[in-house]
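Working notes for the structure below.
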Amino acid sequence: MTYGKRQIVHTGMCLAAVLCPFGCAGTRTTPPAVDYNTLDDAAFLHDHLVNQPLVTVDEAYKVALILADGEDTTESFTERESALDRRGIIRPAWNLQPDQHVDKGTVAFMVCRICRMSGGINRIMLGSWGLGDRRYALRELKFRRIIESGADYTPISGGELVGILHRADSYMALSGVHDAEPVAVPDANDPSTFKTPAAPSQGAGGRSSR
């Protein structure tokens, strides 16, 4: 590749990053063959979600409630959004729509809140103010090996999300979160209210501030 072509490619990548800082993940335009609101949680996860190439915000919210409470008793996106918002698991400022493809940063933020992970100093000080909140949450889950790879703005597949759900649930069981009171997330503006369980053993190696 010549220098000129490399410059064109580099410029295009930079322009894409500026125009699509949160991923341009798009929206699902074709509804699923079966209304997943009619399915029980097991069928939703293992018959519907695992077959989705890209997960929507509504589906991710449903998964978040299953992780937090062991079941999803809501019947609509509005109910799910309200339930998660009341508990600080999502941020209203995101203004996400039900059929949008959800990104890994959003999933990571919800998982961190449900699992009561406060993270390193960067996430505590900046993420709690909404500055890079989803990016720092994703770093936290990569550190704990709950999410394996990808940038915060990239979309997520159904199979990948089911895997994240199982690993997060295992983390909660090992860390004693399941034995605690039902998830009621502390004040995001007061990091001292977080009670973070110890991470499962990851072997040798130190921890950065992330």
- Counting only residues that are β-branched (Val, Ile, Thr), out of contact with any helix residue (DSSP H, G or I) (no Cβ under 7 Å at 6 or more places or on another chain) and farther than 24 Å from Tyr171 by Cβ, give me the helices (runs of 4 or more DSSP H) lying completely in segment 47-126 with at least 1 of them. 77-86
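Each row is one residue, and each column tells you yes or no for (1) among the hydrophobic types (A, V, I, L, M, F, W, C); (2) modelled with pLDDT under 60; (3) surrounded by 12 or more Cβ atoms within 10 Å (Cβ to Cβ).
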residue: Thr2; (1), (2), (3): no, yes, no
residue: Val34; (1), (2), (3): yes, no, yes
residue: Asp40; (1), (2), (3): no, no, no
residue: Phe44; (1), (2), (3): yes, no, yes
residue: Gln52; (1), (2), (3): no, no, yes
- Item | Among (1) exposed (fewer than 15 other Cβ atoms within 10 Å of the Cβ); (2) of a type in the set (Gly, Ala, Ser); (3) assigned to a helix (DSSP H, G or I) - the single one Ala137 does not satisfy | (1)
- Do the conditions hold for Leu54, that is, is it farther than 26 Å from Arg145 by Cβ, out of contact with any Cys (no Cβ under 8 Å at 6 or more places or on another chain) and in contact (Cβ under 8 Å) with a residue 24 or more places away in the chain? no
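The values are calculated or read from the model by the stated rules, or taken from the named source; none is laboratory data. In this text, all values refer to a predicted model and were calculated from it rather than measured experimentally. Note that we place each Cβ from the backbone using ideal geometry, even for glycine, and neighbour counts take in every protein chain shown.
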